[in-house]
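Participant: The structure under discussion is supplied below as C-alpha cells; questions concerning it will follow.
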Amino acid sequence: MPIDRRVGNFAIGSLVAFLLSNSANFFANRIWVFGRGNRSLWGEYLLFSVISSIGFFAGLAMAVTNLKHGTGGSWLSTGCLMIVSFCVNYGCRKWLIFRQPAGK
C-alpha cells in the first residue's frame, strides 16, 4: 500500500476512534478518576474536549511524521500517539478541568 494512503487511513481511523472515545472518557474520568470539578457539566465537557483535541493532534502529528519517514511501523506510531496524548491529557485534566475548589 502506498505510504500516503497508509498515512491517510491511519489519520482517519485515529480521528474516528478519538471522536467516539472522547465522551466515554469524559464520563469515566468524571465518575471514577477525578470526580466533579468546579465548573458546570457542559463547561467541563467543553474544556475536556479542547484539551483532549490538543493532546490528540500533538500525538497524531508525531505518529504521522513517524509513518512518513519510515522510522517505525503502525504499532510504533500508535504507541507515540497514545503516550503523547496521555501525558498532555492527564496533566491538563488533573490541574485544569477537575481541579477542586479551594477548601474542599
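The values are calculated or read from the model by the stated rules, or taken from the named source; none is laboratory data. Computed from a predicted model, the values in this text were never measured in an experiment. Every residue, glycine among them, receives a Cβ derived from its backbone with ideal geometry; neighbour counts consider all protein chains shown.
Participant: Take the residues of segment 11-62 that are closer than 18 Å to Y90 by Cβ and among the β-branched types (V, I, T): which is farthest from the chain's Cα centre (by Cα)?
Facilitator: I31
Participant: Please verify whether N38 is touching a Pro at 6+ places or on another chain (Cβ under 7 Å) and modelled with pLDDT under 80, treating the condition exactly as stated. Give the derivation first.
Facilitator: Working: touching a Pro at 6+ places or on another chain (Cβ under 7 Å): yes; modelled with pLDDT under 80: yes.
Criteria met by N38.
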